[in-house]
Amino acid sequence: MVSDEDDLPEIETLALPLDGWHRARGARMVEFAGYWMPIQYEGIVAEHLWTRQSAGLFDVSHMGQLHLSGEGVEAAFEALVPADIAGLGVGRMRYSLLLNEEGGILDDLMISRWGQGLYVVVNGAVKWDDIAHIRMELPDEIVLNHMEDHALLALQGPKALAALRRHVSGEYPLDTLKFMMGGRFTIACVEAWISRSGYTGEDGFEISIPADAAETVAELLCGEPEVKPIGLGARDSLRLEAGLPLYGHDLDPETTPIAADLGFALSKRRREEANFPGARRVLAERESGPALKRVGLTVEGRQPVREGADVLDATGKPVGRVTSGGFSPSLQQPIAMAYVPAALAAPGTRITLGQRGKTHAATVTPMPFVPHRYVR
């Protein structure tokens, strides 16, 4: 007997523009967000520490790069997010959240103002859902261009500027960009949108370029003594140390910005207008506090506590959950993010975690675990 599942077509795992380049450099490739991606080259810990002390090149071309244009695009997109887009200057960026009607988080994203329209970067794992949602909600006169012909590279670390500016030219020096600013430059004879941003907690840049130029640019940058290619594994441990949530793990459609400790993403004007999706629930939580809140945890011992572990009350009953966890190469101890009851969310609170029948002692700790080094 053949089940309905046997009739479903197999979903092909896609290759990034740099797929062959990664493999030639000895990358261990894994499936992630529908793509083959490099999880590591020489080892996650070594790559993590190299990025903290020098500069690492990450291939994040699986992310969705969108260009929105048309008359009234700012107001149209504001109807989907709680950010002040109308007040965003050309070349400026803003972190925001795509919300459903209940105030749950459909994705977190970066919005940049270009001279013509908005440039939006969404998470790779949900980009097709995001695109469908945005297209459905935007007026017909707004044009959404999915920039599938572009690659996205992230150069992160304290020596990123030194390495990148050797190869970049533009109307103004690269180092005039500060955190959350971007502009158009030329690298390897192609036009690039380069922003001073990233998801490691380090100073660094994100570089949007035509896909057919990705290998040339990657080779150019990794030819610099400060730069090595870095895989997905170190990207995850770096963002965890930086206290940055990952969609699909620390954020989901059931979680509000307040529970996720992302209240800073609600701009003052939008809070006053209370006209973003789920505003009533989100603003009520902002006033009275959420039932559960995302916090950082330092875990005693050497054993990491992973996603899915329970937060336990005094009777051993689960009252929360760990959403990200691992061993911090910088701090040399296990750290985690978890949703805990509001009464347990204060820094210094002792927490008991349950994982695979064992309990672990942890302490609520302010995030980031490792200080951000953004250039503002």
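Structure above, values below:
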| quantity | calculated |
| --- | --- |
| Flag for ASP261 being surrounded by fewer than 20 Cβ atoms within 10 Å (Cβ to Cβ) and among the acidic types (Asp, Glu) | yes |
| Where GLY117 falls short, out of the listed (1) surrounded by fewer than 18 Cβ atoms within 10 Å (Cβ to Cβ); (2) not assigned by TED's automatic domain parsing to the domain that holds ALA154 | (1) |
| Residues of segment 10-19 satisfying the condition of being free of Cβ contacts under 8 Å to residues at least 60 places away in the same chain and either loosely packed, with under 14 Cβ neighbours inside 10 Å or assigned to a loop (DSSP other than H, G, I, E, B) (or both) | GLU10, ILE11, GLU12, THR13, LEU14 |
| Single residue of VAL30, VAL45 found to be under 22 Å from the mean Cα position of the chain (by Cα), in a helix (DSSP H, G or I) and not aromatic (Phe, Trp, Tyr) | VAL45 |
| Residue under evaluation ASP250, criteria (1) out of contact with any Gly (no Cβ under 9 Å at 6 or more places or on another chain); (2) farther than 30 Å from ALA46 by Cα, criterion not met | (2) |
| Matching option when the condition is of a type outside the set (Lys, Arg), within 19 Å of LEU153 (Cα to Cα) and without any contact (Cβ under 8 Å) to a residue 40 or more places away in the chain, among ALA234, ALA192, ALA213 | ALA192 |
| Residues of segment 177-210 satisfying the condition of being among the hydrophobic types (A, V, I, L, M, F, W, C) and under 26 Å from GLU241 (Cβ atoms) | LEU177, PHE179, MET180, MET181, ILE194, PHE205, ILE207 |
| Single condition ALA154 does not satisfy, out of (1) buried (at least 17 other Cβ atoms within 10 Å of the Cβ); (2) closer than 30 Å to PHE369 by Cα; (3) more than 18 Å from the chain's Cα centre (by Cα); (4) hydrophobic (A, V, I, L, M, F, W, C) | (3) |
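The values are calculated or read from the model by the stated rules, or taken from the named source; none is laboratory data. Nothing here was measured: the structure is a model prediction, and the numbers come from that model. Cβ coordinates were reconstructed from backbone atoms using ideal geometry, including for glycine residues, and neighbour counts include every protein chain displayed.
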